[in-house]
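Right, one structure below, let's go through it.
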Amino acid sequence: MFIQTQATPNPSSLMFHPGKPVMEVGSADFPNPRSAMNSPLAKSLFAIDGITRVFFGSDFVTVTKSEDASWEFLKPEIFAAIMDFYSSGQPLFLDSQAAAAMDTAIHQDDSETVAMIKELLETRIRPAVQDDGGDIEYRGFDPDTGIVKLRMQGACSGCPSSSVTLKSGIENMLMHYVPEVKGVEQEFDAEDEEAALSGQVE
């Protein structure tokens with residue numbers, strides 16, 4: 001098995017391509033070890049000292065490290081964890097229901113505006129963000145203010161350029177195609193907020 005690595009815009013995140021599919025549908029983000037309990041691969045990656053976040057895309061795994069950890073020492077351990085997982089024959093998720101993010105699935109009760117936003121995110125925006133080793137999660141649309149709420153995942157979470165990506169790329173595209181959209185805001189989970197705050201302090 002030959003695993004390739006690819007840099008991301010976030011120096012603390014690296015993409016690992018195992019040469020095999022990772023996620024059949026959608027993506028999965030593990031911002032902390034607690035969230036990885038359902039995935040044997042994510043769990044074994046978090047067991048490596050210095051790993052702070054794990055993310056699964058269609059054919060890659062993005063691993064984020066702490067500031068003081070070195071890729072030189074982490075890479076061999078990450079390679080070993082990925083190889084062991086694929087040779088073990090274990091499922092990616094112990095509970096398949098908790099697997100893929102279905103945030104952009106269009107529901108019957110979605111308004112035409114929301115359906116258009118979800119379709120753009122799924123077909124135009126998500127592939128571009130995944131190229132950088134991350135993903136976006138749709139968190140809602142407020143028809144009164146015209147604000148779309150999104151959460152950045154994987155390499156994009158905590159990346160210095162993610163707010164630029166969000167504002168210029170994603171916001172511009174959504175506002176261009178969906179006139180009802182007036183802006184895009186990034187929503188943070190508690191872990192993301194802590195990371196963002198500690199990142200500003202340093």
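The values are calculated or read from the model by the stated rules, or taken from the named source; none is laboratory data. Bear in mind that the values here come from a model prediction, so they are computed numbers and not experimental data. A quick note on method: Cβ atoms are made from the backbone with ideal geometry, for glycine too, and the neighbour counts reach across all protein chains shown. The accessibility values were calculated without ligands, DNA or RNA, using every heavy atom of the protein model including side chains. Shrake-Rupley method; radii C 1.70, N 1.55, O 1.52, S 1.80 Å.
Some points to look at:
- Near Ser88, once Lys and Arg are set to +1 and Asp and Glu to -1 for all other residues with Cβ below 14 Å from its Cβ, the sum equals +1.
- Cleavage-rule hits, GluC sites (Glu not before Pro), the stretch 1-94, DSSP coil, Cβ neighbours within 10 Å at most 16: Glu24, Glu67
- Carbon + sulfur, % of accessible area of the stretch 1-152 - ligands and nucleic acids excluded, 1.4 Å: 52
- Rounded to two decimals, the Cα radius of gyration of the stretch 1-132 over 2.2 N^0.38 Å is 1.12.
- If R0 equals 25 Å, the separation of the Cβ atoms of Asp49 and Arg139 corresponds to a calculated FRET efficiency of about 0.20.
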